[in-house]
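Taking it in order: structure first as structure tokens, then the write-up.
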Amino acid sequence: VATSAQTDLNPNAKLACQRESPLVCPNQELVERIDIIRRARELDMNWQSALSYARAIASIKAYPKKIKSAKEAGKLWYIGNKAEHKIGEYLKYGQIIETKTLLEDEKYKVLREFTSIYGIGPMTAQTLYAYGCRTLEDAKKFYDNPENTAQQSSDDEDENKRLPERWIEVSLALKDDLGIKIPRKEVEQIAGTVMKELEAIQPGCSHTIAGGYRRGKPESNDIDIVVTHPKADRKRIQELCQELTDVLSKKGLVTHLMTLTGQNTPKSLHADVIAKALTVFSLPGSNRSCRLDLVFAVPEVYWTAVVGWTGSTMFQRDLRLHAKSKGLKFDSSGITRRNNQSVIVAHSEKDVFEILGLPYIHPTMRNA
Ligand code: DCP
Ligand code: MG
């Protein structure tokens, strides 16, 4: 059951993980217009400015009333002079001048379309644009030409570095399917099918459908499922990920697979407590595919994985910042003390918030 606002939470707390952000806020149209500017900064790879706008947007999303003046907005966290001025334009003219210009700009239109493809980020979109690509058909042709990709690939002996490129080719080939949003009913149906197959391999697993679905989005771009088993250790978790994806592939339910299993990046020292399978799923009977991410976690980190994969991205970013201020490190693969790397196990989702010294925020209020 979705909660309404908890009155004891300050809507103008500094971090997104300290306040409630509904899916649709009282200033939704304003937020969407500012998001066009944020997105343009991202496409220009001006990360700092993009992040500033993302923070400004998150502040507005948590604001519980309709904004009536630029000055009122200026009092919110991360609304600087520039953002305040743009909000003033919106209140006065019903639109933000820069947003209107950006929406009409041919180059941004093309870049927005390119980055709608899974695996294509701003850098790749800009590269494609520089090569003269203007449509997704052009991009497809670009990748179909081995001359264009061979050079990059030969530099990367590491197979993992080629994954993004393979994903782009797959996503472009399936763009008509992967571009369609998935309604909640279909998300549940697919999760049910997947869990039934898992039950046959290993009875007694539990799962949470995370991502935007859990935050209450009526339609999702992909499906994120976090899975655990009360008795599974690291080795078994990696095996389960492998065994399930094998079965799903054999049955034709998974048509494409990028398994990133037990990746030991310096960022997370204990990453093998999680196994991930990034897949394309195709439900028989429905004649279309969608992206399905399966995340397997040992029971000790299940709830941090659930919180991590529930998002939103801004909510997670601020969770990590908040944890840092408490001498802790938070990510999907666990909570650790910074001074001695000791692990703190959360036994429920509420426990995650408690350990971090935060009020519990309902998943549907994490739409920062
Ligand atoms: N996530 C994160 N940092 C990333 C990628 C993901 O914190 N770099 C977390 C937050 C996301 C969640 O994982 O909410 C799932 O990521 P998705 O990309 O699937 O995004 P959503 O599920 O939120 O939305 P949708 O899938 O509908 O686009
Ligand atoms: Mg998702």
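A few notes on this one:
- Residue match in the range 259-277 (condition: more than 16 Å from ligand 1 (Cβ to nearest atom) and either closer than 19 Å to Thr310 by Cα or modelled with pLDDT of 95 or more (or both)): yes
- From the options Ile361, Ile335, Ile355, residue that is touching a residue at least 60 places away in the same chain (Cβ under 8 Å) and either within 30 Å of Ala56 (Cα to Cα) or touching a Pro at 6+ places or on another chain (Cβ under 9 Å) (or both): Ile361
- For the criterion of being of a type in the set (A, V, I, L, M), touching a His at 6+ places or on another chain (Cβ under 8 Å) and surrounded by fewer than 17 Cβ atoms within 10 Å (Cβ to Cβ), Val280 fails.
- Filtered residue count, the range 218-258, keeping only those that are within 16 Å of ligand 2 (Cβ to nearest atom), crowded, with 20+ Cβ neighbours inside 10 Å and of a type outside the set (Asp, Glu): 5
- Within the range 203-214, considering residues that are within 16 Å of ligand 2 (Cβ to nearest atom) and farther than 25 Å from Lys175 by Cα, the one surrounded by the most Cβ atoms within 10 Å (Cβ to Cβ): Thr208
- Subset of the range 317-350 (residues that are assigned to a loop (DSSP other than H, G, I, E, B), surrounded by 15 or more Cβ atoms within 10 Å (Cβ to Cβ) and not hydrophobic (A, V, I, L, M, F, W, C)): Lys326, Ser332, Ser333
- Yes/no for Leu103 being outside any helix (DSSP H, G or I), at pLDDT 95 or above and within 27 Å of the chain's Cα centre (by Cα): no
- Of all residue pairs spaced 6 or more apart or on separate chains, none has beta-carbon atoms under 9 Å together with a first member in the range 198-226 that is under 23 Å from Ile117 (Cβ atoms) and more than 11 Å from ligand 1 (Cβ to nearest atom) and a second member that is among the hydroxyl-bearing types (Ser, Thr, Tyr) and not in a strand (DSSP E or B).
- The sole residue among Ser325, Ser289, Ser312 that is closer than 18 Å to Ala368 by Cα and among the small types (Gly, Ala, Ser) is Ser312.
The values are calculated or read from the model by the stated rules, or taken from the named source; none is laboratory data. What you see is a predicted model; the values in this text were computed from it and never measured. We place every Cβ from the backbone using ideal geometry, glycine too, and count neighbours over all the protein chains shown.
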